[in-house]
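Peer 1: The following block contains the structure, expressed as structure tokens.
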Amino acid sequence: MVTVIKIGGNIIDKDSQLQSFLESFAAVAGKKILIHGGGKIATRIGDQLGIESKYVEGRRITDAATLDVVTMVYGGLVNKKIVASLQTMGCNAIGITGADANLVPANKRPVKEVDFGFVGDVKSEQLPVSTWQQLLEIGLTPVVAPLTHDGKGSILNTNADTMAQEIAKALGKVYSVSLIYSFEKPGVLLDVNDDNSVINKLNPTSYQELKSEQKIFAGMIPKLDNAFSALNAGVTKVIIGDAAKLDQLIAGSSGTTIIHE
């Protein structure tokens, strides 16, 4: 059994909330992997350096200057702070990126309607399952920053939700895998302004119906697409919900559970 957990949203840039989450993560039994973002911190540091953040439909444009910022923030500042905290909690974490040991091979995203710059798309079929197994089997807990590389010497900024999905899918070939997307909201909401409107379960049919009725918040759609992709590829369980209730998410008693028909 492996638990793959992605932490994102506002939790990472709020020290007290992050510490509380990491305590819960450290207490998770068995093999586990943590994938993190850090976009708001990257934006803040970029602003301090005079590097403007640019987005198209909520996706960050990663030019050369922005790439330097996200490499420093994701692979350095955020990643190593998390690792150091987990070490104090008895969790033997190892901080890595997708570029390290070529753990998450990727291609630079081709330019179509939008040039996203130095953004990586994961090469799913090439994830080295045996290397991930070796890390887990010797008792290490990977903490993964959302960076990959293009095979030509350049780092690539890669979506953390997608990395979590791809890692879970790859490991699902050899383990029973649970995938948890955790952030500051209690789950997928019918009304983004009402935390009591959690959708407890979503299947492909209900998801498509809610999307067509525009009842799913646009920013949640990529995360849900990743969730269904993981479930369809053999991941045992996918849950989206509140990072402050991580133990309940793992137990399936909180958040939104993604299910087959």
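Peer 1: For segment 194-212, what are the residues that are part of a loop (DSSP other than H, G, I, E, B) and either in contact with an Asp or Glu (Cβ under 8 Å, 6 or more places away or on another chain) or at pLDDT below 85 (or both)?
Peer 2: Once the filter is applied, which keeps residues that are part of a loop (DSSP other than H, G, I, E, B) and either in contact with an Asp or Glu (Cβ under 8 Å, 6 or more places away or on another chain) or at pLDDT below 85 (or both), segment 194-212 yields 197, 203.
Peer 1: Right, something else. In the list 218, 227, which residue meets the criterion of being small (Gly, Ala, Ser), in contact (Cβ under 8 Å) with a residue 60 or more places away in the chain, surrounded by fewer than 13 Cβ atoms within 10 Å (Cβ to Cβ) and closer than 25 Å to residue 38 by Cβ?
Peer 2: 218
Peer 1: Separate question: For segment 232-249, enumerate the residues that are in a helix (DSSP H, G or I) and in contact (Cβ under 8 Å) with a residue 40 or more places away in the chain.
Peer 2: Scanning segment 232-249 gives 243, 244, 245, 246, 247, 249.
Peer 1: Another question about this same structure. Sort out which residues of segment 186-199 are farther than 19 Å from residue 165 by Cα and surrounded by 12 or more Cβ atoms within 10 Å (Cβ to Cβ), and write them in order of number.
Peer 2: The answer is 186, 189, 190, 192, 195, 197, 198, 199.
Peer 1: If you scan segment 85-98, which residues turn out to be surrounded by fewer than 18 Cβ atoms within 10 Å (Cβ to Cβ) and within 18 Å of the chain's Cα centre (by Cα)?
Peer 2: Within segment 85-98, 94 is the sole residue that qualifies.
Peer 1: Hey, among 82, 33, 12, which residue is buried (at least 22 other Cβ atoms within 10 Å of the Cβ), in contact with a Pro (Cβ under 7 Å, 6 or more places away or on another chain) and at negative phi?
Peer 2: 33
Peer 1: I'd like to know if segment 5-28 contains one or more residues that are hydrophobic (A, V, I, L, M, F, W, C), in contact with a Phe, Trp or Tyr (Cβ under 7 Å, 6 or more places away or on another chain) and farther than 16 Å from residue 185 by Cα.
Peer 2: No.
Peer 1: When residue 101 is evaluated against the numbered criteria (1) at pLDDT 95 or above; (2) part of a loop (DSSP other than H, G, I, E, B); (3) surrounded by fewer than 19 Cβ atoms within 10 Å (Cβ to Cβ), which criterion, by number, is the only one it fails?
Peer 2: Residue 101 satisfies all of (1) at pLDDT 95 or above; (2) part of a loop (DSSP other than H, G, I, E, B); (3) surrounded by fewer than 19 Cβ atoms within 10 Å (Cβ to Cβ) except (2).
Peer 1: Identify, from the list 158, 256, the residue that is touching a residue at least 12 places away in the same chain (Cβ under 8 Å) and either touching a Ser or Thr at 6+ places or on another chain (Cβ under 7 Å) or under 26 Å from residue 96 (Cβ atoms) (or both).
Peer 2: 158
The values are calculated or read from the model by the stated rules, or taken from the named source; none is laboratory data. What you are looking at is a predicted structure, and each value in this text was computed from that prediction instead of being measured. With ideal geometry, Cβ positions are generated from the backbone for all residues, glycine too; neighbour counts draw on all protein chains shown.
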